[in-house]
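Just so you know, all these numbers are worked out from the coordinates, no wet-lab data involved. All figures in this text were calculated on a predicted structure; none of them were measured in a lab. Cβ atoms come from the backbone with ideal geometry, glycine included; neighbour counts cover every protein chain shown.
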Amino acid sequence: MPHRLYLTAPLFLALAGCGYVGDPMPPALNIPVQIEDLRGIQRGSKIYLTFTASLETTDKLILKTLSGLELRIGVNQPGGFDMDRWLASTTRIDVPPASGEVRVETPSAPWEGKEVILAVRSIGPTGRPARWSNLLVLNVAAGLKPPQEITLTGTPKGVYLQWKGDGPQWRIWRQAEGEKEPTVLGIAGEPGWLDQTAEIGISYSYTLQQVVPGGPVPAESDLSKTVSIRHDDHFPPATPSGLAAVAGLKTVELNWDRNTEPDWKACQVYRAEGDGPLQKLGAPVAAAAFSDTTAVSGKKYRYAVSSIDESGNESEPSTPVEIVAP
């Protein structure tokens, strides 16, 4: 007699449930995450923008690609910001679909003299947009032009820059010999700047920009032409002061105030007989005193003294003093 297998109801249900896969998952929305780093600046006749468009979705999935980027610009209208009102008045800036770091440039001319707001959002493959990015506010300036006719002059206190151009401010870039890149030296409020940090014997290159402050990000012009100078020492030291001549024992004794320049080296004594021309008297002396042992008793002399620095630059002679040799 054949055997028959009978399953109880609980065991049958348990076996039947072994292949159960659960409730069906809802379809992915494929909405990209919000762009959060929109930043930009006006430089010259263009507005430059940068942001990061991620392929990640709000469901923590990774898209293969974005179907688009929607970038908009519009005037910041009075009465407080309203997103719907702003969107209704914006202009769309064409941006090809892209992901990662995205760079965009657009003409500034339509917006010059106005405060504008920009925002961007990613569009997913099903056409669903992300939330709008952070809002970027820019004051778009008119007539931004780089400075012209830049001149550099070496002075004992540093390199002096002068230029022509519209203000109200100018950014100064400097690159010293041996440096890989220029750095910002400062912001000038008038068309002149003394670079007091310039060192003697070093070559420097300078580049300028017009800057218009206002809003979170100041507008700026394109860079000017770069001008260069070698800051050599062509600057004579100060003329000695306090020169005095007194009669000594068969000598004329001279003394004067010592120079205080750090690169002072020596002084040159000059002598003239009667009303004759001044002529060098001996070699330079590294002191603030001199004894003229060659003066002839009874003759009238005029004496003067100059300063000489380490680079060989010599000052003008001091005001002469007169004395009759003893």
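For the stretch 244-324, I need the span (max minus min coordinate) of the C-alpha atoms along each principal axis, in Å, sorted largest to smallest.
39, 25, 19
Taking 51 Å as R0, compute the FRET efficiency from the Cβ-Cβ separation of Tyr48 and Ala238 and round it to 0.05.
Values: r = 50 Å, r/R0 = 0.99.
The value I calculate is 0.50.
Counting other Cβ atoms within 10 Å, which trypsin sites (Lys or Arg not before Pro) in the stretch 46-101 have at most 11 and lie in a DSSP loop?
Sites meeting the loop and neighbour criteria: Lys60, Lys64.
Could you give me the ³J(HN,Hα) list for the stretch 75-88, computed from phi with Karplus coefficients 6.51, -1.76, 1.60 and θ = phi - 60°, whole Hz, x at Gly and Pro?
5, 6, 7, x, x, x, 7, 10, 4, 5, 5, 5, 4, 5
Find the all-direction average of the projected area of the Cα convex hull for the stretch 181-237, expressing the result in square nanometres with one decimal place.
5.4 nm²
For the stretch 64-168, which chymotrypsin sites (Phe, Trp or Tyr not before Pro) are both in a DSSP coil and crowded by at most 12 other Cβ atoms within 10 Å? Before the final figure, lay out each step's value.
Details: sites: Phe81, Trp86, Trp111, Trp132, Tyr160, Trp163; in loops: Phe81, Trp132.
Here the sparse-neighbourhood loop sites are Phe81.
Which whole-percent values make up P(r) of the stretch 39-140 when all C-alpha to C-alpha distances are grouped in 10 Å steps starting at zero?
The distribution over the stretch 39-140 is 14, 46, 30, 9, 0, given as percents.
For the chain, report the translational diffusion coefficient in µm²/s to the nearest whole number, using Stokes-Einstein at 25 °C, 0.890 mPa s, and a Kirkwood Rh over Cα pairs.
In µm²/s, the coefficient rounds to 89.
List the trypsin sites (Lys or Arg not before Pro) within the stretch 220-326 that fall in a DSSP loop (any state other than H, G, I, E or B) and whose Cβ has at most 12 other Cβ atoms within 10 Å.
Within the stretch 220-326, the qualifying trypsin sites (Lys or Arg not before Pro) (loop, at most 12 other Cβ atoms within 10 Å) are Lys225, Lys250, Lys299.
For Lys225, give me every one of the lysines with a C-alpha distance below 29 angstrom, ignoring sequence neighbours fewer than eight places off in its own chain.
Lys46, Lys114, Lys145, Lys157, Lys164, Lys180
HN-Hα J couplings of the stretch 216-227 from phi, Karplus 6.51/-1.76/1.60, θ = phi - 60°, integer Hz, Gly and Pro as x?
Once rounded to whole Hz, the list reads x, 10, x, 7, 9, 7, 5, 6, 6, 5, 8, 10.
Karplus couplings for the stretch 50-61 from phi (6.51 cos²θ - 1.76 cosθ + 1.60, θ = phi - 60°), rounded to Hz, Gly and Pro as x?
The phi angles translate into 9, 7, 10, 9, 8, 8, 6, 9, 5, 8, 6, 9 Hz.
Would you mind ranking Asp195, Asp82 by Cβ crowding within 10 Å, fewest neighbours first? Mind dumping the intermediate values first?
Working: Asp195 20, Asp82 10.
If I rank by nearby Cβ atoms, fewest first, I get Asp82, Asp195.
Run lengths n ≥ 4 of DSSP H only: what is the helix-derived mean residue ellipticity at 222 nm for the chain, with -39500 (n - 2.57) per run over all residues, to the nearest 500?
-1000 deg cm²/dmol
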